[in-house]
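See structure below.
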Amino acid sequence: MSSVPRNHLDRPVAVVGAGTLGRRIALMFATRGGLVRITDPGAEQGAAAVAFVEEQLSDVAAKVPGGSPGTVEYVPEQAAAVAGAWLVVEAVPEVLELKKKIFAQLEGDADADAILASNSSSYASRLFTEGLATADRMLNTHFYMPPGSTVLDVMSDGVTSPEILEFVLKTFPDYGLHPFLVRKESTGFIFNRIWAAIKREALEVVYEGVSVPKDVDEMFARNFGTQAGPFRMMDQVGLDVVLDIEDHYAKENPNLPAGPRELLHRYVDAGKLGVKTGVGFYDDYPKPNR
């Protein structure tokens, strides 16, 4: 049975993946004066992630009770980045074989008492930890979009030590985070399942020609007091990512309507992915630098 990390406040946190969520996760764990290492095959991506954290760290740390800005660094080699870390968070693209490869590497490279967590938004960690000798220290910690959203789902891989789960639920709030335990394995975890139903029906309404994205968003915002509706939010996530997630849900539940995926395909196939390409359901975003 895996034990909880020793002296975690004196040890670094490592984040594998320097993309949109990886750098945001790193930002949160750098709010208590410690060291966070970001590792990624792309040096340019890694440097951009460090710059992102450094730019926002002072403001975010000031909002965390007892917080103080820490240090973040880019480490090209994954094994070197995770050495000594009490926590390693995997935040790579949603490719199952890639996650299997990384967790197999982490089992050998990380300290024996390090917690190995996945930020996967669509895969239960069980799918890439099965057969590993220390799967009882592995789990899902699914972040949404910190620091704007500080909630996360915490889900066992089926054999995660209760002590590890308890430690995560108790310790993550020290970094300004709000973890919620998923009490039974669930594709989409907790909030994402609810959000998936909302966005799927919004897509179906537009696919059927009942309404248009702008009107749906305005009605949603006025009814719920939000700043953005589901279509603007999907543009922010990336329509290719939204489609990948919908495809994953559909594989598990063939009874889901096909209309939402067909509508998303029209945009994705045309290269209209949302904010990252400058156009998606809306076309008022800054054009990306080429």
Residues within the range 139-158 that are under 10 Å from N119 (Cα atoms), under 11 Å from the mean Cα position of the chain (by Cα) and either of a type in the set (A, V, I, L, M, F, W, C) or not assigned by the TED database to the domain that holds G176 (or both), tallied: 2
Residue match in the range 112-126 (condition: out of contact with any helix residue (DSSP H, G or I) (no Cβ under 8 Å at 6 or more places or on another chain) and aliphatic (A, V, I, L, M)): yes
Within the range 189-198, considering residues that are within 16 Å of the chain's Cα centre (by Cα) and in contact (Cβ under 8 Å) with a residue 12 or more places away in the chain, the one surrounded by the fewest Cβ atoms within 10 Å (Cβ to Cβ): F191
P179 being crowded, with 19+ Cβ neighbours inside 10 Å and either touching a Leu at 6+ places or on another chain (Cβ under 8 Å) or touching a residue at least 24 places away in the same chain (Cβ under 8 Å) (or both): yes
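Condition check ((1) touching a residue at least 40 places away in the same chain (Cβ under 8 Å); (2) in contact with a Leu (Cβ under 8 Å, 6 or more places away or on another chain); (3) assigned to a loop (DSSP other than H, G, I, E, B); (4) surrounded by fewer than 20 Cβ atoms within 10 Å (Cβ to Cβ)) across all residues:
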site	(1), (2), (3), (4)
L57	no, yes, no, no
A85	yes, no, yes, no
L98	no, no, no, yes
K101	no, no, no, yes
L106	yes, yes, no, no
A117	yes, yes, no, no
S120	no, no, yes, no
G131	no, no, yes, yes
Residue list for the range 102-123, filter: closer than 25 Å to A250 by Cα and modelled with pLDDT of 95 or more: S118, N119
Check on A18, of a type in the set (A, V, I, L, M) and in a loop (DSSP other than H, G, I, E, B): yes
Selected residue (only one of S156, S161, S186 is open to solvent by less than 60 Å² (accessible area, probe 1.4 Å), modelled with pLDDT under 95 and not charged (D, E, K, R)): S186
Only listed residue being touching a helix residue (DSSP H, G or I) at 6+ places or on another chain (Cβ under 6 Å) and either more than 17 Å from Y144 (Cβ to Cβ) or assigned by the TED database to the domain that holds L139 (or both), chosen from D235, D240, D269: D240
Only one of G22, G42, G33 that is in contact with a strand residue (DSSP E or B) (Cβ under 7 Å, 6 or more places away or on another chain) and open to solvent by 20 Å² or more (accessible area, probe 1.4 Å): G33
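The values are calculated or read from the model by the stated rules, or taken from the named source; none is laboratory data. Please read these numbers as outputs of a predicted model, since none were measured by experiment. So basically every Cβ, Gly included, is an ideal-geometry build from the backbone, and we count neighbours across all protein chains shown. Areas reflect the complete protein model, heavy atoms only, side chains present, ligands, DNA and RNA absent. Shrake-Rupley method; radii C 1.70, N 1.55, O 1.52, S 1.80 Å.
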